[in-house]
Structures are given as C-alpha cells and as structure tokens.
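The values are calculated or read from the model by the stated rules, or taken from the named source; none is laboratory data. These numbers come from a predicted model, not from an experiment. Using ideal geometry, Cβ is built from the backbone for each residue, glycine included, and neighbour counts are taken over all protein chains shown.
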C-alpha cells in the first residue's frame, strides 16, 4: 500500500494536547475476530524528539487484546527508528490510547 493512498482518520488526542492519533482506514483487514491496521501518532516537540510514529497493530476484537507488529518512529531531526519486534498479546487498558485504536479498528 502506498502512503499516498492512506486515509488517516482522527481517533483521539491526549488530555495534555501533546499527541494526536489517527487510524488508516484503508489498511484495516479482518481475519475472523483479528483485525490488522496501521496507526499514526503525531507529537508536538518533546524531550524524546519524536515527530510521529507509524505502528502496524493487530486487535483481537473478540477477546479485547492487541499487539504491535511493527513500529517506525520519525524524529524532528530527521532520524528514523524502526522496530520489527512482535509484542505479546496485551489486554486493552480502559481509557488508554490503545483502547481508542482497538475500538476504532474493531468497529470497521
């Protein structure tokens, strides 16, 4: 999928106003109760230096769990950090950023 074809839809901003999250609705793929999708988080300048992160996630809609498949971080100084480490399934934490993404993906 080319990023030019992505359709980034607003999901939520954090309470402090330091980050905004989006989901790419064109990337959502269902396999049974498992949904795979890309998310983007944009940051205001912070001490970590990240401008945005792109994360490929999977949600288990039936059991309320999610995991990260891939993450790419882009810093304000132009540095790119990539991780292809698969995380274990984690239960969705109520009120957390992951819950908003999980709910958005599972409702599509």
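When you scan the range 1-12, how many residues do you find that are surrounded by 15 or more Cβ atoms within 10 Å (Cβ to Cβ) and within 22 Å of residue 65 (Cα to Cα)?
So the answer is 2.
How many residues, within the range 1-35, are part of a strand (DSSP E or B), closer than 22 Å to residue 62 by Cβ and under 17 Å from the mean Cα position of the chain (by Cα)?
Counting residues in the range 1-35 that are part of a strand (DSSP E or B), closer than 22 Å to residue 62 by Cβ and under 17 Å from the mean Cα position of the chain (by Cα) gives 6.
Considering the range 91-107 alone, what residues qualify as being in contact with a strand residue (DSSP E or B) (Cβ under 8 Å, 6 or more places away or on another chain) and surrounded by fewer than 15 Cβ atoms within 10 Å (Cβ to Cβ)?
Within the range 91-107, 91 is the sole residue that qualifies.
Identify, from the list 29, 67, the residue that is within 19 Å of residue 91 (Cα to Cα) and either surrounded by 12 or more Cβ atoms within 10 Å (Cβ to Cβ) or at pLDDT 90 or above (or both).
When all the criteria are applied, what remains is 67.
Could you please tell me which pairs satisfy a Cβ distance under 8 Å, a separation of 6+ or placement on different chains, a first residue in the range 1-22 that is under 17 Å from residue 95 (Cα atoms), and a second residue that is modelled with pLDDT of 90 or more and assigned to a helix (DSSP H, G or I)?
Listed by first residue and then by second, the contacts come to 11/100; 11/101; 11/104; 12/100; 21/100; 21/101.
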